[in-house]
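Reading through the structure tokens given below for one structure.
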Number of protein chains: 2
Amino acid sequence: MEPLRPVVLERLIRYYRYLGEFTARKNVDTITSSQLGTVLHIDPTQVRKDFGAIGLMGISRVGYEVCEVCRAIRLVFGFDHPYPAVMVGAGNLGNALLSYPGFARYGLRIVAAFDNDPKKVGTFITGVEVQGIRSMKPFIRKHGIQMAILTTPVAVSQTIADRLVSAGIKAIWNFSPTRLSVPEDVLIRNEHISLGLAQVAYHLNGLREDEPRRLAILAQPCDEPCNPMEK
Amino acid sequence: MEPLRPVVLERLIRYYRYLGEFTARKNVDTITSSQLGTVLHIDPTQVRKDFGAIGLMGISRVGYEVCEVCRAIRLVFGFDHPYPAVMVGAGNLGNALLSYPGFARYGLRIVAAFDNDPKKVGTFITGVEVQGIRSMKPFIRKHGIQMAILTTPVAVSQTIADRLVSAGIKAIWNFSPTRLSVPEDVLIRNEHISLGLAQVAYHLNGLREDEPRRLAILAQPCDEPCNPMEK
DNA sequence: AAGCATTTGTGATTTCTATCACGTTTTAAG
DNA sequence: CTTAAAACGTGATAGAAATCACAAATGCTT
């Protein structure tokens, strides 16, 4: 099967998420493309095409078996063949992620956490022991881990990323707000919440609707500093 | 100006993010569309069109003034006219967000936090006092707050959302992994990290490249439960 | 059993997005 | 001063994505 386009993957995840809630509530085992479409604001045809793309066949006049849909989606992403992952950085964000119980549904199993704060080393967070950074590389090597979740402070992220790569990591889920350079064959997925924030801001800004002010400001010379507030 | 499409907004944010790092490092005050394009893997023409869409004019043979670009982008999103926001839920995630110093650059100012855990009420997190949930509605009303950040447990999120709406909130940045129902005029932006996770999973799964297994599984009847692991 | 309503699957069409190609402007060099 | 190179701005074009339209299939009702 040729690789699925990102936009399709995104919708598949939305279907999967909704169907999880759906089966928890309703006691029905089939769903139609228009039902899904209505809830998720996606055209029913699109739903059918997406399902077709991952080899799902619906039943005329009935719809799709929820159970089959979920299974097919899990298969596409490999959710039922969980990859072990390590968490690097056990601060607030690392803690929040470690204690999020929903990841199992997405095939994620965090098997170890690493932090260089001696006070944290040795403690357990939802069953996962926090180890010193020193132990990281041997641990990854020993267990053949391919995925790492990075929640370290920006200052050390690149250094840590280099070490992860040299230990054999093939994918980094990066929550540290910085750009990482890694070899071609290592996947970086940056989680930038600023994008979501920006969309909210744009909406609120649109409510204001003050076009003259905008133009007036743009007309002025740019005397303010470029980067008024620094992270 | 007609509203900008989401895909443009997304690129604008990527430009803004990069230019922040850029000016911090280099000591140059202009940048060309191809420089930006190379770094962000965006076609230079696209960069020029995006800049054109927000009223920016470049200079032939020179490029764009970084300072002007940043200012125009801030203007589009309203970043230099910060909206006060309240944080609801002061758990690990709430803490992580509250202590993230980068938000100021995106026009976000968190002015209060609310939690129903008596142990947390009265404490301060990076200068913001945690108050009881009771105080939430009057506080929002009194200060005319329009934006809320929701990091509560799924079980209470909808109830909280209802209260936020009735207090006058116009946009909710939702980190709680659940679907919220709110009136038409209230914007919900859901922050679902599962999407990022799924993309990483898809990549790793692709490395495996085991097509026969996939088809074999799909051919079997669907005897497993639909929702094998529950959050 | 027949007819009707509903739903799937898919080719055709439309709409949106990204890229190309090229004229224009500006700086720098010869 | 002239010419060349580099960058912008934008109409034209190609490529993706979403939607439409309709045949085929299936279940329900009478």
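Readers should treat all values here as calculations from the given coordinates under stated rules, not as data from a laboratory. Owing to the predicted nature of the structure, the values given are computational and were not obtained by experimental measurement. Every residue, glycine as well, gets a Cβ built from its backbone with ideal geometry; the counts of neighbours run over all protein chains shown.
See the values below:
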quantity: Per-pair calculated FRET efficiency, R0 = 56 Å: B:Lys142 and A:Arg5 via Cβ, rounded to 0.05; calculated: 0.70
quantity: Proxy reagent accessibility, fewest Cβ within 10 Å first, across A:Arg71, A:Arg179, B:Arg61; calculated: B:Arg61, A:Arg179, A:Arg71
quantity: Antiparallel bridges, percent of DSSP beta bridges restricted to the range A:83-190 (to nearest 5); calculated: 10
quantity: Extension reserve of the A:Gln158-A:Val111 stretch, reckoned as 0.36 nm per residue once the Cα distance is removed; calculated: 14.7 nm
quantity: Normalised contact order of the range A:25-80, rounded percent, pairs of Cα under 8 Å and 6 or more residues apart; calculated: 36
quantity: Residues A:Lys120, B:Lys137, B:Lys26 arranged by fewest to most Cβ contacts within 10 Å; calculated: B:Lys26, B:Lys137, A:Lys120
quantity: Normalised contact order of chain B, rounded percent, pairs of Cα under 8 Å and 6 or more residues apart; calculated: 12
quantity: Fraction of antiparallel bridges per DSSP, chain A only, in percent to nearest 5; calculated: 20
quantity: Charge-dipole axis of chain A as Lys and Arg at +1 and Asp and Glu at -1 on Cβ define it, positive-most pick from A:Val156, A:Ile133, A:Gln35; calculated: A:Ile133
